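Everything on this sheet refers to the single structure shown next.
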Amino acid sequence: PRPKRVRGAALRGKTFVALAATYVDAFNAGATPVVSSAWMAVVKAECDAAVDAGVAAHAAALLAVPDDAPEAAFAAARLEGCRACDGIVAAASNDAVLRSSVGDRPLLDARRRCDHDFAENLRRRRDRCRTA
């Protein structure tokens, strides 16, 4: 059997199962599934999961730095975390099918969230240093 395709690219098994599940959910609710809406729901779920995993990797890198470590160590952890985040999100969004639907948006969303988390962590870290 040939693999199922969307926009000319083969679907991964996980993506195909998620798409089928959205159809089944619509049928079970007594509705007629809308192909484009079902597809965008699958794409959004996969991209959101990749962004969440990437941001979690970034946060873990920041949390690994002891409070008494120099700020340069914290900045180095940020770089390591950003690389990990980029790798996770890029691997997910490089899937040809997803990429044709979302482009670079998941990677940009992840970077924005990582920048925000870094700024918040840095502010809290500096506040702790002032009160210590």
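The values are calculated or read from the model by the stated rules, or taken from the named source; none is laboratory data. Because the structure is predicted, anything quoted here is derived from the model rather than measured. Counting neighbours? That spans all protein chains shown, and the Cβs are built from the backbone with ideal geometry, glycine included. We work out accessible area using only protein heavy atoms, side chains counted, and drop any ligands, DNA or RNA first. Shrake-Rupley method; radii C 1.70, N 1.55, O 1.52, S 1.80 Å.
A few notes on this one:
- Spin-label pair residue 76/residue 48, simplified geometry with 7 Å Cα→Cβ offset, distance in nm: 3.8 nm
- Measuring between their Cα centroids, segment 105-123 and segment 12-75 lie 16 Å from each other.
- Accessible area in the full protein assembly, largest first, 1.4 Å probe, for 71, 46, 80, 120: 80, 71, 120, 46
- With both labels modelled 7 Å from their Cα along Cα-to-Cβ, the residue 17 to residue 129 distance reads 4.7 nm.
- Once the Cα-Cα distance is subtracted from the 0.36 nm per residue extended length, the residue 116 to residue 24 segment shows a gain of 29.3 nm.
- Net charge in the neighbourhood of residue 78 (other residues with Cβ under 11 Å of its Cβ; Lys, Arg +1, Asp, Glu -1) is -3.
- Each of 76, 30, 106 was placed along the dipole of the chain (beta-carbon charges, centred on the mean Cα), and the one lying farthest toward the positive end is 30.
- Contact order, relative form, for the chain: 26 percent (alpha carbon pairs under 8 Å, 6 or more residues apart, mean separation divided by residue count).
- Per-q log10 I(q)/I(0), the chain, q = 0.09, 0.11, 0.12, 0.21 Å⁻¹ (Debye; single scatterer per alpha-carbon; no solvent): -0.38, -0.52, -0.58, -1.12
- Most to least accessible of 63, 11 (protein chains only, probe 1.4 Å): 63, 11
- Residue 4 long-range amide H proximity, modeled H, under 5 Å: 11
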